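K.L.:
Input: one structure, supplied below.
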2 protein chains.
Amino acid sequence: MRSVEWHDGVLRLIDQRRLPHEMVILECETPEAVAEAIRTMAVRGAPAIGAAAAFGMALAALRSPASDRAALLRDLEAAARLLKASRPTAVNLFWAVDRMLRRAADEGLEDPQAVREALVAEAIRIAEEDVETNRRMGQYGATLIRDGDTILHHCNTGALATVDYGTALGVIRTAHEQGKRIHVLVDETRPRLQGARLTAWELLQLGIPFTVIADGAAGYFMRKGKVNIVLVGADRIAANGDVANKVGTYTLAVLAREHGIPFYVVAPTSTIDPNTPNGDAIPIEERDEREVLEIEGVPIAPRGARAANPAFDVTPARYITGIITEKGILYPPFDLHIRRALGL
Amino acid sequence: MRSVEWHDGVLRLIDQRRLPHEMVILECETPEAVAEAIRTMAVRGAPAIGAAAAFGMALAALRSPASDRAALLRDLEAAARLLKASRPTAVNLFWAVDRMLRRAADEGLEDPQAVREALVAEAIRIAEEDVETNRRMGQYGATLIRDGDTILHHCNTGALATVDYGTALGVIRTAHEQGKRIHVLVDETRPRLQGARLTAWELLQLGIPFTVIADGAAGYFMRKGKVNIVLVGADRIAANGDVANKVGTYTLAVLAREHGIPFYVVAPTSTIDPNTPNGDAIPIEERDEREVLEIEGVPIAPRGARAANPAFDVTPARYITGIITEKGILYPPFDLHIRRALGL
């Protein structure tokens, strides 16, 4: 199944907290349940969060008892606030919720039932578009991968992080489908271990050769000449090309430049926020310190130890070789090429 | 107690695999037991390994049934080979074992009993010297720490990594004892989590404020301007100043230079190997992949996933601001200043 799937008025999510040990399906029937699934990272990955939030809006419409259009729109506004408060960094969440609100506000929808039907259709459209977008990015990105390449990859950007197929992992998948012999170095990606848990799980299923490494070992492999290209996803791209992504990404970008290794970000244009001028304006989520101090519920530090847990970091545009989108690969100057890609 | 302690003909080690959850004392009565403790990282940290190996040689002398000097020396040679094979990177191990062999070969020691007594005394001397050396490094290094500084620290370099007091953590400790208000950012240091488990444990006991962070977050804090200085230990320093240390060190060095943050290595001159011309000549230990794939025995990756686990990396001398030794702080050109410090 897809990581985000609509099924008879219920949103079904693969519970990513349980992988790779168990495949558990989470069923969400209310926008509150969707917001909680996003907050707790049962669903994660910027595009998957966006699609889940869109279905959260559809659920809000379906569950609302409103009998007139104005009341329904008020309920949708409330659901939008709830969903937007679930996580602060990834912009696809806001993008998807706002797109759903715009659809609901369409003057052509005359009664609540029409709005409800339109919102379900719109959420399904957002999910379908995401899959199509990923496949296009895969095609563009795979042109950068040569036979024999070793690709360094951070966090999880695969089918789980999207509705299906993946962003950075989608590029890897396309290259593999094209018959290129590739190897993936999988950053385990502490604290939530999305690399070791999720990316390894996806690569095993796809039959793509890989090796898990500790995050601190990336520099070792780059210095040894073992890395040909770095591919990462993004949670928000500012108008100037600065990229917020899973913590550790910035370190990889600095290392890549130090070694002359190309560093590409793979993200749909829905991840670009033209209203965020640069990386310093991106809010960085600080998550519970227990994610650092415990692993799978087992304490790894002495009682009384405190931790800091920024979930993301910002990679300034100057470290980025290119941004692979569904509209093509953007190169510097990013501000100009981002405006063009967004038609601004 | 000290991490490495001699007690009535028995070597007592704090079992560092069990910290911070349990304080377990491991008693070693044979060189084989000492080699196993080093191999499994019950004792770890270059200076602590060196002292433990010295006591391993003393135990070899005490346990040898040899009744003549030549037979005893043959037994010591065998024990030396065994101990040297326990871990390949940290040079203090080889330095300590060779020093013990030289002592045993002293022409002035006429019978086996004299050799046995001399070796016990020499191992005790190595341990005492280590503590004295650490205190001197602490004094030199603390001159670099200002009131209010935040220090980024990798792995464990404290009392546990040495006989007592610590190298990089010894510098932090001295600055704290001098009344400087400091804060330590503790890299958790995957895969073995020496930062989260051991450094946090030591800092709690010392009452020095600290925050544990995921290894991938170091770049985030540097870019935020939160790090004033980076202090790390070393497992082997080559004649040109290249430094092998716990994997992840090189990444910190690259990041520190990118941000104009001073990067200091703290290590006794026994960690300098004048016979290793540069970092490329340092053997890097590749440890069991299960250290990456499991944490505290709990699998974190799907069954079938493979991992690579280089235990160390090499930081080229050009990234290093200075090397703090018991003979003073060495600055570039390191090759010249290392030769002088070693009296070569």
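Laboratory data are not the source of any read-out in this text; all were calculated from the coordinates shown. All values reported here derive from a predicted model rather than from experimental measurement. Note that we place each Cβ from the backbone using ideal geometry, even for glycine, and neighbour counts take in every protein chain shown.
K.L.:
Fewest to most neighbouring Cβ within 10 Å: what's the order for B:98, B:15? Intermediate results must be reported in sequence, preceding the final value.
P.N.:
Values: B:98 14, B:15 17.
Ascending number of Cβ neighbours within 10 Å: B:98, B:15.
K.L.:
Report Rg(Cα)/(2.2 N^0.38 Å) for segment B:109-203, keeping two decimals. Don't skip to the end; give the middle numbers.
P.N.:
Numbers: Rg = 16.9 Å, N = 95, 2.2 N^0.38 = 12.4 Å.
Compactness ratio reported: 1.36.
K.L.:
What whole-number value in cubic angstrom gives the convex hull volume per residue for the C-alpha atoms of segment A:1-138?
P.N.:
Numbers: hull volume 13.9 nm³, N = 138.
In segment A:1-138, the Cα hull volume divided by residue count equals 101 Å³.
K.L.:
Can you give the % of DSSP beta bridges in chain B that are antiparallel, to the nearest 5?
P.N.:
Details: 20 of 39 bridges.
Antiparallel bridges: around 50 percent, rounded to the nearest 5.
K.L.:
Let me ask something else about it. Can you list the residues, at least 5 places off or on another chain, whose amide H is less than 5 Å from the amide H of residue B:245, using H built in the peptide plane?
P.N.:
When sequence neighbours closer than 5 places are left aside, the close amide H contacts are B:235, B:313, B:315.
K.L.:
Any chance you could give the angle, 0 to 90 degrees and rounded to 10, that helix A:46-63 forms with the longest Cα principal axis of chain A?
P.N.:
Approximately 10 degrees, to the nearest 10.
K.L.:
Using the 2.2 N^0.38 Å rule of thumb for compact globular proteins, work out how segment A:273-339 stacks up: its C-alpha Rg over that value, please.
P.N.:
Values: Rg = 17.8 Å, N = 67, 2.2 N^0.38 = 10.9 Å.
This ratio for segment A:273-339 stands at 1.64.
K.L.:
Same structure, new question: Per-residue HN-Hα couplings for segment A:297-313, Karplus 6.51 cos²θ - 1.76 cosθ + 1.60 at θ = phi - 60°, whole Hz, x for Gly and Pro?
P.N.:
Result, ordered by residue: x, 8, x, 10, 10, x, 4, x, 6, 10, 9, 10, 9, x, 7, 9, 9 Hz.
K.L.:
Could you go through segment B:166-178 in sequence order and give the Karplus-derived ³J(HN,Hα) for each residue, using 6.51 cos²θ - 1.76 cosθ + 1.60 with θ = phi - 60°, rounded to whole Hz, and x for Gly and Pro?
P.N.:
With coefficients 6.51, -1.76 and 1.60, one gets x, 9, 4, 5, x, 5, 4, 4, 5, 4, 5, 5, 6 Hz.
K.L.:
May I ask you to work out the translational diffusion coefficient for segment A:213-299 at 25 °C, viscosity 0.890 mPa s, via Stokes-Einstein with Rh from the Kirkwood sum over Cα pairs, reported in whole µm²/s?
P.N.:
Values: Rh = 14.7 Å.
Translational D for this selection: 167 µm²/s.
K.L.:
Given H placed 1.01 Å from N in the peptide plane, which residues other than close sequence neighbours of residue B:24 have an amide H under 5 Å from its amide H?
P.N.:
B:15
K.L.:
Express as a percent, rounded to the nearest 5, the fraction of DSSP beta bridges in the protein assembly as shown (both residues included) that run antiparallel. Present the calculation step by step, with values, prior to reporting the outcome.
P.N.:
Numbers: 40 of 80 bridges.
Taking every DSSP beta bridge within the protein assembly as shown, about 50 percent pair in antiparallel fashion.
K.L.:
Now for a different question. Taking other Cβ within 10 Å of each residue's Cβ, how do B:324, B:300 sort, fewest first? List each step's numbers first, then the result.
P.N.:
Values: B:324 28, B:300 24.
Result, fewest neighbours first: B:300, B:324.
K.L.:
Same structure again: Taking the 0 to 90 degree range and rounding to the nearest ten, how far is the long axis of helix A:69-84 tilted relative to the main principal axis of chain A, both from C-alpha atoms?
P.N.:
Between the helix axis and the principal axis of chain A, the angle is about 20 degrees.
K.L.:
Divide, for the protein assembly as shown, the radius of gyration over alpha carbons by 2.2 N^0.38 Å, where N is the residue count.
P.N.:
Working: Rg = 28.2 Å, N = 688, 2.2 N^0.38 = 26.3 Å.
Against the empirical 2.2 N^0.38 Å value, I get 1.07 for the protein assembly as shown.
K.L.:
Over all distinct alpha-carbon pairs, what is the Kirkwood Rh of chain B in angstrom? Before the final figure, lay out each step's value.
P.N.:
Details: mean 1/r = 0.0493 Å⁻¹.
One over the average 1/r among Cα pairs gives 20.3 Å for chain B.
K.L.:
Going 7 Å from Cα along the Cα-Cβ axis for the label, what nanometre distances separate residue A:207 from the same residue across the other copies?
P.N.:
6.4
K.L.:
Still on this structure: Taking H placed 1.01 Å from N in the peptide plane, check which residues at least 5 places from residue A:294 or on another chain put their amide H under 5 Å from its amide H.
P.N.:
A:300
K.L.:
Here's something else I'd like to know. With angles folded into 0 to 90 degrees, how steeply does helix A:91-104 sit against the dominant principal axis of chain A? Use alpha carbons for both and round to 10.
P.N.:
It is inclined by approximately 20 degrees.
K.L.:
Something else now. Given just the C-alpha atoms of segment B:39-117, how large is their convex hull per residue in cubic angstrom? Before the final figure, lay out the partial values.
P.N.:
Values: hull volume 6.1 nm³, N = 79.
Spelled out: Cα convex hull of segment B:39-117, divided by residues, is 77 Å³.
K.L.:
Another one. In Å and whole numbers, how far do the C-alpha atoms of segment A:137-293 stretch along each principal axis, longest first?
P.N.:
For segment A:137-293, the Cα extents along the three principal axes come out at 41, 36, 33 Å.
K.L.:
Rounded to whole Hz and in sequence order, give me ³J(HN,Hα) for segment B:188-196 from the Karplus expression 6.51 cos²θ - 1.76 cosθ + 1.60, θ = phi - 60°, writing x for Gly and Pro.
P.N.:
Residue by residue, segment B:188-196 yields 5, 6, 5, x, 8, 6, 4, x, 5 Hz.
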